[in-house]
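The values are calculated or read from the model by the stated rules, or taken from the named source; none is laboratory data. Everything quoted here is computed from the prediction, not taken from an experiment. Heads up, the Cβs are rebuilt from the backbone with ideal geometry, glycines too, and the neighbour counts pull from every protein chain shown. Note: accessible area is taken over every heavy atom of the protein model, side chains too, but ligands, DNA and RNA are not part of it. Shrake-Rupley method; radii C 1.70, N 1.55, O 1.52, S 1.80 Å.
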Amino acid sequence: MNKQKLIGPFHQLLTLDKLPLKGPLKDESLEIIQEAGILIRDDKILEVGNFEELRSKITLDQTELHLLEGDCMAVPGWIDCHTHICFGGTRARDFAMRNAGKSYLEIAEAGGGIWDTVTQTRKLDLIQLAANTTKNANQHLMEGVTTIEVKSGYGLNHEEELKMLRAIKEANSKTLADLISTCLAAHMKPRDFEGTNAEYLKLIGETLLPQIKIEQLSNRVDAFIEKSAFSSEEIEAYFEKAKELGFDITVHADQFTTGGSEVAVKFKAKSADHLEASGENEISLLAQSDTIAVALPGASLGLGCDFTPARKLLDQGGSLAIASDWNPGSAPMGDLITQASILATFQKLSTAEVLAGLTVRAAATLNLSDRGILKQGMLADFSIFPTNNYQEILYHQGKLKPVQVWKRGVRVTASAK
Ligand SMILES: [Zn+2]
């Protein structure tokens, strides 16, 4: 049997335990253990508690002691519940054109937009694509992101979507981070498909989704409901099929125009993501539902658009997670903590609301109940920050990096990747 490990002492350990899934949160509701330690065996937490009490219970022949010195505190590993980190190429030209005042249409006519990434992604083979994904995942992991949702959606035909999902699976075996894949074949109708939106969705619903089930490549289906992509009516038939096959649903909703959040609630989606355009009706509908709102401040920063109305969603009783939307087009930064802390300043979010949105509430969007909280029985996924005060993490707006990251009980180092 592997030795258990005791790590500590931490001046503060934030458990993120005992918080409601929905509604606003005050910082006073955060459970903080002072002078704490974490006792782990294999990939799970055996106990969190006072370091000296834990140390008095263990024997050194059964336990590896990982002693920490100086300022330090522990938080659960971050969970990024919305990314597109499996891709080829770059869209730097789009970024420059947008900032020079060019329209979406002008950029698309110049060969930019999602279709550009589709073309560049299709050129890569599975191994190259998996290598790109692994590299991005490892960068996230070193910054404390231990679980990463990754979408397909740059393949946009049967074989290319399967290639992407297989590449994500391959990358998952190469990185210590956990990658949770989502099928986003309904990202846009591919330009080389000769038929209507409805015909494209019917085809992928009848052929691609069953194959994904057979190969167990994903149990999540996403769709982009937007004027430039698919209408609510077109997506409803597709979601019926996905539900029938047992997929969880998530939606790119209300980014530029409304409609998506209503479909998300109707289909009991795990999450409705974006919501920058949501108005009072959409906010109220989401707040009353079990669908978690996901704010993507990286996309607002990348496009120069409004932020998700996170404050209103929470105040009306909704649940909020925060994700990076890391993608080559609208959100190339991929720095989750920088983005979350900027969202907090503009939307006036408490530290507790942001940290819950990066941990326990983000876990719920992915239907994961084994992470996001530091307590007995949970996965030993945590980061150690060089400070004695948890408020410093967001205060530094992403500049304060973890000094150690642990994933499933293993300390992540550059060589362990
Ligand atoms: Zn997205």
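Observations, loosely collected:
- Region 195-319: translational diffusion in µm²/s, Stokes-Einstein, Kirkwood Rh over Cα pairs, 25 °C, 0.890 mPa s: 165 µm²/s
- Sorted into 10 angstrom bins from 0, the C-alpha pair distances of the chain split as 5, 23, 32, 25, 11, 3, 0, 0 percent.
- Of the residues 271, 350, ranked by 1.4 Å probe accessible area with the largest first, the sequence reads 350, 271.
- Nearest-10 value in Å² for the accessible area of residue 146, using the 1.4 Å probe: 0 Å²
- With every protein chain in place, region 87-179: carbon and sulfur % of accessible area (1.4 Å): 57 percent
- Solvent-accessible area per residue for the chain (1.4 angstrom probe, square angstrom): 40 Å²
- Rounded to the nearest 20, the size of the Cβ-charge dipole of region 218-374 about its Cα centre is 400 debye, with Lys and Arg at +1 and Asp and Glu at -1.
- Whichever lysines have a C-alpha closer than 19 Å to that of residue 407, once near sequence neighbours (fewer than 8 apart) are set aside: 3, 5, 44, 135, 169, 174, 375, 417
- Sorting 324-334, 31-41 by average packing, meaning the other beta carbons within 10 Å per residue, from highest down gives 324-334, 31-41.
- P(r) tail fraction, region 43-146 - alpha-carbon pairs more than 23 Å apart, %: 57 percent
- In this rough spin-label picture, where each label sits 7 Å from Cα along the Cβ direction, the residue 213-residue 42 distance is 3.1 nm.
- Dimensionless Rg ratio for region 36-82, taking C-alpha atoms and the 2.2 N^0.38 Å reference: 1.35
- The base-10 log of I(q)/I(0) for region 210-269, evaluated at q = 0.15, 0.25, 0.26 Å⁻¹, reads -0.42, -0.97, -1.02 [Debye formula, identical scatterers on Cα atoms, solvent excluded].
- Within the chain, the whole DSSP H helices whose Cα atoms reach 15 Å or more along their own axis and whose mean Kyte-Doolittle score is at least 0.5 are 336-347.
- Ranked by how many other beta carbons lie within 10 Å on average, peptides 279-286, 122-129 from highest: 279-286, 122-129
- Pairs of Cα atoms nearer than 8 Å and 6+ residues apart set the relative contact order; for the chain it is 21 percent.
- Dipole of the chain, positive end: most advanced residue of 77, 265, 309 [Cβ charges, Cα centre]: 77
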